[in-house]
Each structure stands twice: as structure tokens, then as C-alpha cells.
1. Between a first residue in segment A:25-50 that is over 18 Å from residue A:170 (Cβ atoms) and a second residue that is of a type in the set (Ser, Thr, Tyr) and buried (at least 24 other Cβ atoms within 10 Å of the Cβ), which pairs have beta carbons less than 7 Å apart while being 6 or more apart in sequence or on different chains?
2. Is it the case that segment A:171-190 has a residue that's under 16 Å from the mean Cα position of the chain (by Cα) and among the β-branched types (Val, Ile, Thr)?
3. So which of B:179, B:152 ends up being away from chain A (no Cβ under 14 Å) and in contact with a Phe, Trp or Tyr (Cβ under 7 Å, 6 or more places away or on another chain)?
4. Can you name the strands (runs of 3 or more DSSP E) wholly within segment B:171-236 that have at least 2 residues being closer than 23 Å to residue A:208 by Cα?
5. Being in contact with a helix residue (DSSP H, G or I) (Cβ under 7 Å, 6 or more places away or on another chain) and modelled with pLDDT under 95 narrows it down to one of A:60, A:80, so name that one.
6. Counting just the residues of segment B:32-52 that are surrounded by 21 or more Cβ atoms within 10 Å (Cβ to Cβ) and assigned to a loop (DSSP other than H, G, I, E, B), which one comes out farthest from the other protein chains (Cβ to nearest Cβ)?
7. Would you point out the residue of segment A:177-214, among those that are more than 14 Å from chain B (Cβ to nearest Cβ) and within 23 Å of residue A:10 (Cα to Cα), that is surrounded by the most Cβ atoms within 10 Å (Cβ to Cβ)?
8. Given the structure, is residue B:62 touching a residue at least 40 places away in the same chain (Cβ under 8 Å), farther than 22 Å from residue B:189 by Cα and not in a loop (DSSP other than H, G, I, E, B)?
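The values are calculated or read from the model by the stated rules, or taken from the named source; none is laboratory data. Keep in mind that this is a model prediction, so the values were computed, not measured. Counting neighbours? That spans all protein chains shown, and the Cβs are built from the backbone with ideal geometry, glycine included.
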Amino acid sequence: MALTPSVTLAGARYRYPDTERDALGPIDLTVLPGEWVGVVGPTNAGKSTLCYAIIGLAPQFFGGRLRGEVSVFGSPTASQPVNERSRRAGLLFQNPFTQLSGARERVDEEVAFGPEAHGLPQAEVEERVAEALRLTGLQDLRARHPLDLSGGQLQRLALAALLAMRPELLLLDEPTSQLDPAGSRALFDVLRGLHAAGTTIVMVEHRLEAVAALCPRVIALGEGRVLADGAPAEVFNRPEVQASAGMPAFARLAALVGKGPPLPVTFEAAVEALRG
Amino acid sequence: MAEIVLRSVCFDYSSAVPVFREPGITLSLPQAAIALVGENGAGKTTLTKLLNGLLRPRAGSVVVAGTPVAERSVAQMAPVIGYAFQNPDDQLFERTVRDEVAFGPRVMGRPKETVQAAVDRALDLCGLAGQASTHPHDLVLAERKWVTIASALAADPPVVILDEPTLGQDWAGRERLHALVRALGGQGRLVLVVTHDIDFVAQACDWTVVLSRGLVRYSGKTALAFADEGRIEEAGLELPAATRLARALGADPAPVGDEAFTAWYRVQPA
């Protein structure tokens with residue numbers, strides 16, 4: 001029997017209210033359970049909108065008009081309330097401030113918000129909160145007020161709140177944008193662990209070096225459509241992707257000294273290419 | 001002449017959240033493109049808010065462009081320091097991009113024509129010329145960041161602070177920012193860029209300040225900032241891509257920045 005895809009978009013198009021063109025689509029896309037997909041592209045390519053459409057916020061929260069099919073775990077998002085889907089799928093917003101409940105005064109209480117709202121037993125809530133704080137390195141800050149955190153700490157809190165829901169599908173909109181490099185490495189280690197355990201991950205990321213090193217599959221978006229879809233070494237060597245999304249730093253450096261094509265897209269491949 | 005001088009600056013949000021303890025921060029910064037880097041919670045944003053009086057030190061003094069900050073209100077510092085916040089939504093409140101960018105020079109009482117010209121120039125530099133009449137909240141995060149940057153530039157201040165300007169920026173946005181930061185530094189301004197984007201630092205900034213756990217660990221030329229790997233690790237940083245690649249290929253000392261990398265690679269024996 002064929003696997004039910006985690007995400008299916010078929011002829012999907014979405015337009016925000018009071019706008020004159022589709023922010024997304026038409027787009028066809030299937031993400032299978034356990035895949036780790038990087039999403040790249042310039043500003044306004046539709047990367048965040050893709051996340052909103054998959055989680056159902058577009059159109060359930062933003063309004064506007066969705067046409068075609070968007071399904072998560074085989075159920076069309078249009079007919080499924082967002083809170084029902086939030087048991088199995090979670091979105092990390094680009095601006096972590098958006099994610100705060102605004103109702104909790106301690107970091108650990110904020111992390112407990114989701115599991116409590118879904119009525120999980122207290123012992124399980126506590127276990128999940130402890131795990132999420134450990135994974136995001138926030139144990140020492142658990143008693144802080146969320147509004148006393150720095151930008152990067154807030155981003156880790158938003159992720160912890162999401163991980164406490166133990167979602168099967170993680171949508172991450174620039175998860176490292178405010179993290180320091182050590183924090184980014186730690187986050188990517190967490191994601192590697194989740195990926196190995198079978199979590200499906202869709203990750204919007206501007207650090208193309210990270211996408212090239214981590215994601216077996218990359219989707220490049222441009223003007224709401226799929227420009228390229230494939231392995232990083234293939235996608236980042238496409239001229240139209242290089243012209244819009246740019247290229248990983250190691251590919252840029254290799255090109256500067258006259259290597260390629262094809263350009264190496266990871267650190268290891270660049271060391272190899274430049275030694276030769 | 002140093003454009004920013006901090007002497008023994010101590011600051012705490014509360015006794016539970018100390019940031020700069022005794023003996024405090026002492027730091028002199030030249031007119032240049034300067035990067036402020038360090039781990040999350042190191043005190044980077046706090047430091048910048050002490051420069052324009054949004055926060056006041058518990059002890060010590062801050063002098064910016066010859067002005068003792070303690071004697072001035074935040075509003076009086078506005079012509080001296082342009083400030084683009086980390087989270088644009090903390091800053092934006094006008095109905096159009098043009099009004100937002102004009103706000104600073106307008107409340108400073110500058111003549112209408114001067115304001116108009118300054119706003120046009122700032123919008124142009126920030127790639128917003130086509131969006132002057134748009135509501136800021138109809139823009140995506142990366143564009144809202146550009147509105148805060150244009151607002152910081154509109155009053156033509158000698159000191160510009162950009163807190164995480166690369167946030168959400170795509171490749172073209174980073175290139176624009178890179179050119180802008182270099183140009184501001186070249187005009188004899190001090191532009192202080194708070195960032196985690198180490199490649200951006202290597203490319204765009206001549207001077208780097210490494211702040212870690214409330215202490216200045218390094219302040220000097222960017223070209224030498226990444227020589228001490230222990231310090232880099234301690235501050236939660238990483239090597240710029242070009243430096244890391246050159247090191248793996250045997251460079252010692254390793255070049256910083258694309259130009260230095262290319263120059264170094266060209267003279268390698270094949």
C-alpha cells in the first residue's frame with residue numbers, strides 16, 4: 001500500500017485578501033513521511049505562505065482564497081480545524097514573538113501551554129516540558145518571564161513550545177534567523193535527531209550552506225511556484241536558482257576561484273574540489 | 001577620533017538579570033563599519049540601547065559623537081543616532097512607508113523639502129522606492145526590516161545602529177545591505193551592525209567587537225578577529241566560510257573575506 005503523504009498540494013493557489021495576484025501557486029507538491037525538505041527562494045517567493053497554507057492558517061486565519069487541494073496526512077486542510085491539526089503538525093513562525101501565548105509568565109509554563117490546552121495528563125505535560133527545555137537548552141531560563149528573553153532565546157522558546165507537542169510534521173520558517181552560530185548548530189542537531197526518529201520536516205532557510213548540508217531534498221520557489229525540486233547539488237547548480245535564491249557560500253567561493261560547473265555546494269565537497 | 005566611547009559602563013535589568021557587572025564595559029569605536037557579535041543573551045542589544053539613552057547605565061559614562069548621552073533625552077539623541085530595531089514590529093506605527101521613514105526628521109522640525117529629499121534618498125538606498133505608499137504591515141518581514149533601516153538613515157545621523165539587519169534577508173537583500181554598510185562606513189559614519197551572520201561580518205565590516213557573557217572579548221580589525229579559535233568558540237561564533245575553507249586547505253593564518261580568500265588561493269602551488 002502506498003504511504004499517505006504528510007503533505008499534498010495539487011493545483012493549489014492562494015491569494016491574500018485585498019490583493020490582486022496569487023501569493024502562492026499554482027503549485028503541485030508531495031512530501032512523504034520522514035522527508036526533510038529545505039525551502040529556499042527570494043523574499044516574496046511564497047515560502048512563508050506555503051507554510052501557512054500547509055498548516056491551514058491560509059485561509060482559516062488570514063482569510064483570502066485558497067483553490068486546488070492542500071492536504072495534510074491525507075485530510076484536506078479546508079475541512080479540518082487548525083486546533084485539530086496542531087496535535088500532529090506544528091509551525092515555527094518566522095517572528096518568534098508571534099508564537100507566544102501571551103498568557104503565561106514563565107518559560108516552562110509557556111512550553112506547557114500546548115500540551116495542557118490539548119488536555120494531556122499532568123505527568124505527561126511535565127515530562128514533555130522537561131524534554132523540550134533540554135532539547136532547546138533552556139533549562140536554566142525556565143523561570144524567566146518570556147518577555148525578558150533575548151531575540152535568540154525567544155526563538156528557542158518558540159521551538160520548545162512546538163516540540164512539546166511532539167508533532168509528526170514540523171514546519172519551520174527560518175528557525176535559526178535569530179540564533180547565534182552555536183545555537184544554530186545545536187538546533188540542527190535537534191532536527192537531525194527528529195529526522196532520524198521519523199519526523200517530517202519542511203524548513204524555510206536562507207542559510208543555503210545549512211540547507212545543502214542537511215536537507216536531502218531542496219525546493220526552490222520563485223513567484224509562488226516551484227522553480228526546482230531535487231538534491232541540493234542539483235538544485236543549487238541551476239542558473240535560475242542561483243540568480244534568485246543565490247548559492248551556498250562554498251559554491252560562491254569555488255566559483256570565485258574558477259572551479260566548476262558543477263559547483264561544490266557543501267564544505268566537504270568544496271575542500272575536495274579546491275584541493276584538486 | 002573615537003565616535004563612541006564607553007567607560008566602565010555597568011547595567012542590570014534587575015538583580016536577577018545582570019548584564020554588565022563591575023568593572024563594566026570600556027570600549028572605544030572608530031568611524032567605520034563595525035560588527036557587534038556574540039552569543040544569544042551576551043548583551044548586544046542592551047549595549048546598543050545604552051548608546052541612545054533607551055537604557056541608562058547604573059554606573060559609568062557613554063559618549064557618542066562628542067555628546068555625553070547622560071545629559072540628553074532619547075529624542076535629543078535621535079539626530080545623532082539612527083536606530084533600526086531587531087523586531088521591526090516594535091518600531092513601525094505609521095500608515096505608509098513614506099510617513100514612517102519621514103517621522104524622525106519631521107519631528108526634529110526639519111524643513112519640508114529637506115525631509116522630502118532625505119526620505120526619497122533613504123527609500124532609494126533601501127530598495128523601497130516603489131513601496132512608498134504601502135502600509136508597512138502589508139510588507140513581509142524582510143521588507144519591514146528595510147523600512148526600519150530607511151527610518152534610521154532618514155535623519156542623516158553620524159552614527160547608525162542596525163540590530164540584526166540580515167534577519168529574513170534573501171541573497172539580494174544581503175548584497176544590498178553589504179553595499180549599504182560599506183558605503184556608510186566609507187562616508188565617515190559609524191555604522192554598528194549587530195548580527196549572527198559571520199559571513200556578512202567578514203564581507204562588510206572592517207572592525208569587529210566580540211561580546212560574550214557581558215564582557216568585551218575582542219575589539220579590533222575584522223581580519224584578526226577570527227585568529228583565536230578558543231575565543232570564537234567561547235562566544236558561540238563560527239569561522240567565516242572563506243576562513244574555514246582556507247584553513248581546511250592548509251592556510252595559516254587563514255584569510256578573512258572573499259577578496260582575501262581569492263588572493264590567497266591564487267598564490268597556492270598547484
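1. Taking only residues 6 or more apart or on different chains, the pairs are A:25/A:14.
2. Yes, segment A:171-190 has at least one match.
3. Values: B:179 fails: in contact with a Phe, Trp or Tyr (Cβ under 7 Å, 6 or more places away or on another chain).
Just one listed residue meets the conditions, B:152.
4. On the way: elements: B:190-194, B:207-212, B:215-221.
Hits in segment B:171-236: B:190-194.
5. A:60
6. Applying the filter and picking the extreme gives B:52.
7. The qualifying residue surrounded by the most Cβ atoms within 10 Å (Cβ to Cβ) is A:202.
8. Here the answer is no, as residue B:62 does not meet what is asked.
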